[in-house]
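Undergrad: This is the structure I have questions about; it appears just below.
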Amino acid sequence: MDTALSVRRLRYTRAWRFPFAILSLLLAVCLAFLPAAAAAGIEVYPGPGANAYKTDLYRVEVQDGARWLDSYTYKVARKSVTGWQSGKIASVNFTTFGTTAPATVRVTKLGAAIGSLTLSPLSKNIPCSLVAGQAIITLKPLEKAWIVFDGDEGAPLFLFADAPKPPVPPGALYYGPGIHEIGLAAAITDDSTLYLDGGAWVIGTLDLRNHKGVTIEGPGVLSGEKWPPEVVSKIKDKTVYHMIIGDKASSSRDNRLKDITIVNAPSYHMQGGPEYIGGVKLISPWFYSTDGFQQTPRGPGRQALIEHCFAFVGDDVFFPRANYQGNIEIRDCFVSATNNSVFQICYWGDPLDHDFKMYAHDIDIKNYLAGANHNNALFRASINNTPKTGVKNMTFENIHIEGVVPCPLVQIENREYFWPKQTTKPETKQGNASNFVFRNITATVPADQATLVKSTLLGLDEQNGLHGFLFENVKINGTTLTSANCTDYFKVNPFVSNLCFVAKP
C-alpha cells in the first residue's frame, strides 16, 4: 500500500463525512496494517549486468514487508600471499543495500544447507538464527556484518546496511549499472560530484591531487583489477595506481568520499586522503601494500573525520599520524588487516610543534595479523627522525579486538623503519612520543592460546623516548592490565616515563 496515496485519498474524499476523532482512528488503523518492514525504506540494487562478478556461493535477500528482495551479491577471488589464507585462492563475497530502520536479511548457501555460522563483530551481538538451513540476520542502519559459514574462513560474506542512496546531484558525473573503464588517474574537476550508482562497477583510479570540493559517492564499486599488485609492487613510482590519488597540499580541501566500495587495489586505497570519509568499504586482503584509510586535515582549525567505514586490507588500515596537520577523529568502524598494523601511528616522525589531537573510538577489529618477531602489531609506531619529531596527543577508546591475536597489541619504539628503505631521511632512532591514552580496549583470544605476544614500549635515551602513556581498562582474555601484572604483557625500557596502568569500574 502506498501510504502517502492512502492518506491523501482518505483526507480528500471522505474526511467531510466523519468527525475528526473517527478520521484519526481510521488513519491509525490503516498505518497499523501496513507491512512493518515497508516503513524501513528497503533499497536493493542491481548488478552490472550479465551476472558479472556475481557470487556462486550465497544468495542474499532483504525483507520488505511480505516480500523478500534479492540483494545483488558480488564475489572477488584470487590467490592470497598475506597472513590470511596464505597460498590459497580465497574469495570475498559482499552486498550493499539501503535501509532506514532495522532490516531482516536471509542468506542461503547455494547448493547446501548452512550448518553453523560465526557473525562479527562479536561486540555488537547482532541477532541471527538458523532456520531450515538458512541464516536470518537483523542489521541496524549503518551496521556491517562479517559472516563465516561452516568454518570456511576463506569465503566470508560481508553485509553492508547503508543508508538509502542520496539523490544524484545536478551536473554530477554519473555511472549507472554496468561495467565502466576509466583508466589510471582519471581526472576530476573542482567542486564536482562523481556518482557511482548501485550496480556500477568502475575500473580505474581517481586523481584528487590539487583539487577541492570534490565528492565521490554512491553505492557502486571502484575496482583496480586491471593492474595486478604483483606487477605494480615492482614499479618505483606507484602514485597513479593508488585507488584515490591525493596529496597533502592545503589546496586539496573539502574533498569527500562517501559510501562507495573499493576492491582489488593494486597499491594503496588512498594517498593523502580526503578530509571526510564516511560509509566507505575497502576490500583488498590478498596482497601487501594495499593500505587503507589515509585521512589528512588540511591545515589549522580543520578536521579530518572517518566514520561508519569498513576495511579488509592487506596492510595498515588507519594512519592517525597526520594529526600534526590538524585534528583527526575516527569513529564507528569495523576493520581488519592481513599484514602490518591496524593503527599505523608513526613512521619516521613528524613535527611536534602543534596541539592537535587524534581521537579513535568505537572501533571493532577482526584480527588476522600474526607474527611474534615484530612483523605485525595492532597499534604501532616507529620513531626514527630527530628529537623534535615524533607523534603525540592520541586517544584510542572503546576498541574491541576479536580473533587469533599472536602478535603484539602495542608496539611503540625508537627504531629503524621496518621495511626496505623508502626514504633518504637518516634513520637515527631519534624522536619522541607523548600523551597517549588507551582506554576500554578488549582483546578476545581463543581458549587454546595462552596470551598475546608481549607488547613493547621502548625509547632510545633521555632525550628520545616515550612520555605520558595511560592504559585504562585494557583487558586481555578478560584480565585487566594493572601495575601489578603489566610486565606479563608489556616489555618496557627505562626511557619510558609517566607510564600508568589503571583498572576503573
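The values are calculated or read from the model by the stated rules, or taken from the named source; none is laboratory data. Source: prediction; values computed, not measured. Positions of Cβ are generated from backbone atoms using ideal geometry, with glycine treated the same way; all protein chains shown enter the neighbour counts.
Undergrad: Which count do you get for residues in segment 245-267 that are in contact with a His (Cβ under 7 Å, 6 or more places away or on another chain) and within 23 Å of Gly299 (Cα to Cα)? Step through it out loud before you land on a result.
TA: Of the residues in segment 245-267, the ones in contact with a His (Cβ under 7 Å, 6 or more places away or on another chain) are 252, 255, 262, 267.
Filter once more, so that each one left must be within 23 Å of Gly299 (Cα to Cα): 252, 255.
So the answer is 2.
Undergrad: For segment 84-100, check the following and say yes or no: at least one residue is touching a helix residue (DSSP H, G or I) at 6+ places or on another chain (Cβ under 7 Å), surrounded by 19 or more Cβ atoms within 10 Å (Cβ to Cβ), β-branched (Val, Ile, Thr) and at pLDDT 95 or above. Walk me through how you get there before you give the answer.
TA: The first filter runs over segment 84-100 and keeps only residues touching a helix residue (DSSP H, G or I) at 6+ places or on another chain (Cβ under 7 Å), leaving 99-100.
Imposing the further condition that a residue be surrounded by 19 or more Cβ atoms within 10 Å (Cβ to Cβ) reduces the set to 99.
Within this subset, residues satisfying the condition of being β-branched (Val, Ile, Thr) are 99.
Among the residues that remain, those that are also at pLDDT 95 or above are: 99.
Yes, segment 84-100 contains a residue that is touching a helix residue (DSSP H, G or I) at 6+ places or on another chain (Cβ under 7 Å), surrounded by 19 or more Cβ atoms within 10 Å (Cβ to Cβ), β-branched (Val, Ile, Thr) and at pLDDT 95 or above.
Undergrad: Which ones in segment 482-503 are under 18 Å from Ser434 (Cα atoms) and either surrounded by 17 or more Cβ atoms within 10 Å (Cβ to Cβ) or of a type in the set (Lys, Arg) (or both)?
TA: Once the filter is applied, which keeps residues that are under 18 Å from Ser434 (Cα atoms) and either surrounded by 17 or more Cβ atoms within 10 Å (Cβ to Cβ) or of a type in the set (Lys, Arg) (or both), segment 482-503 yields Phe490, Lys491, Val492, Phe495, Val496, Leu499, Phe501.
Undergrad: Also, quick follow-up: Would you check which residues across segment 182-211 are hydrophobic (A, V, I, L, M, F, W, C) and either over 25 Å from Val44 (Cα atoms) or surrounded by fewer than 17 Cβ atoms within 10 Å (Cβ to Cβ) (or both) and list them? Walk me through how you get there before you give the answer.
TA: First pass over segment 182-211, keeping only residues hydrophobic (A, V, I, L, M, F, W, C): 182, 184-188, 194, 196, 200-203, 206, 208.
Those that are hydrophobic (A, V, I, L, M, F, W, C) and either over 25 Å from Val44 (Cα atoms) or surrounded by fewer than 17 Cβ atoms within 10 Å (Cβ to Cβ) (or both): Ile182, Leu184, Ala185, Ala186, Ala187, Ile188, Leu206, Leu208.
Undergrad: Okay, next question. Filter segment 235-254 for residues that are in contact with a strand residue (DSSP E or B) (Cβ under 9 Å, 6 or more places away or on another chain) and modelled with pLDDT of 95 or more and give the result. It would help to see each step written out before you state the result.
TA: Here is the first cut: in segment 235-254, the ones in contact with a strand residue (DSSP E or B) (Cβ under 9 Å, 6 or more places away or on another chain) are 239-246, 254.
Across segment 235-254, the qualifying residues are Thr239, Val240, Tyr241, His242, Met243, Ile244, Ile245.
Undergrad: If only one of Ile42, Ile126, Ile114 is of a type in the set (Val, Ile, Thr), assigned by TED's automatic domain parsing to the domain that holds Ala155 and either closer than 30 Å to Thr290 by Cα or buried (at least 19 other Cβ atoms within 10 Å of the Cβ) (or both), which one is it?
TA: Working: Ile42 fails: assigned by TED's automatic domain parsing to the domain that holds Ala155; Ile114 fails: either closer than 30 Å to Thr290 by Cα or buried (at least 19 other Cβ atoms within 10 Å of the Cβ) (or both).
None of the other options fit; the residue is Ile126.
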